[in-house]
Amino acid sequence: MACQRWGNRMPRLPRAVATAVTLTACVAATTTSCEPEGPPPVPRPGVLTEAELRSVLPSGTDIPGYVVKPHSPPTATPHTAIPSKVSPDTPQACQALVDFRLNHEPPRPAARVPAEIWPRDDTSGKRDFKKLHSVVLSSHTVEEASAVVDSLKKAVPLCGEFLVYTLNYGDQDARIRIGRRPAPPAGDDSVAFDWTVPGIAMNTTVPVTVVRTGGVLTAYSGAVPAKILRKQHEKLRAFISGQITRP
């Protein structure tokens, strides 16, 4: 009889355990869905500083197979350089290309951070613009950055070849040749073109790709893979929106 009574109570234990497990799962589910995991991300106000730009440069971790070498911070000196100017008979829209490539203004960025970047397996030490060669990050307001990209888009089809007075290639008039390239589907906006200076010793054509992420412009010199454009935009977007505090 004792065996029979024990046998009658056996089914109750699994039911009790099942009930407890179910209740625990419900509580856990309720807690997960109702309680916030942390404060919501806070977007970064204003334009990024030089230190912030340096923290979001591409890295070998972001883009395996590449080496990234940031340039040292420039020595603080008065901005006394004579700006490069297009010749009087050149369409004024072409000045935007000169300002971006040679003058780095206007608008003058709040911060500008350049870096060399090249494939890890390239040990030649030579400049090869058929491969990715360098990247420059510059910070502006969103309105300024949008205006820069718009001015470049307007200039590219109008400026096949033109003359510019510049000290960048010596005290001389330099002939600049611009080639059209399709803008990549990257960032909030983008533009691409080829830049060649035929009259100098290093007259290699440089593919230039500019991607806007909010108020940050990322300019690549050399052929840049689409995955790098995408990853760098995602990294910048997460940093600007406050989703990550430090990349």
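The values are calculated or read from the model by the stated rules, or taken from the named source; none is laboratory data. Because the structure is a prediction, the values reported are computed rather than measured. Positions of Cβ are backbone-derived with ideal geometry, glycine not excepted, and every protein chain shown enters the neighbour counts. Only protein heavy atoms, including side chains, enter the accessible area calculation; ligands, DNA and RNA are left aside. Shrake-Rupley method; radii C 1.70, N 1.55, O 1.52, S 1.80 Å.
Computed with a 1.4 Å probe over protein heavy atoms only, the accessible area of Ser221 comes to about 20 Å². Per-residue SASA remark: Phe100, around 40 Å² accessible (1.4 Å probe; ligands, DNA and RNA not included). Taking amide hydrogens as placed 1.01 Å from N in the peptide plane, the amide H of Leu48 sits under 5 Å from those of His140, each at least 5 positions away in sequence or on another chain.
Summing Cβ point charges (Lys, Arg +1; Asp, Glu -1) relative to the Cα centre of segment 109-247 gives a dipole of roughly 460 debye.
Amide H to amide H distances under 5 Å link Gly199 with Arg175, where only residues 5 or more positions off or on other chains count and H is placed in the peptide plane.
Residues Asp173, Asp99 ordered from highest to lowest accessible area at a 1.4 Å probe: Asp173, Asp99. Of the residues Tyr165, Tyr66, the one with the largest accessible area comes first in the ranking Tyr165, Tyr66, computed with a 1.4 Å probe on protein heavy atoms.
Annotation: amide H of Ser134 within the under-5 Å range of Ile117, Ser221, sequence separation 5 or more or interchain, hydrogens built in the peptide plane.
With θ taken as phi - 60° and the Karplus curve 6.51 cos²θ - 1.76 cosθ + 1.60 applied, the whole-hertz 3J(HN,Hα) list for segment 146-162 is 5, 5, 4, 5, 4, 5, 5, 4, 5, 6, 3, x, 9, 10, x, 8, 7 Hz, x standing for glycine and proline.
Pairs exceeding a 22 Å alpha-carbon distance, out of Lys69/Lys231; Lys131/Lys154; Lys69/Lys130; Lys69/Lys235: Lys131/Lys154.
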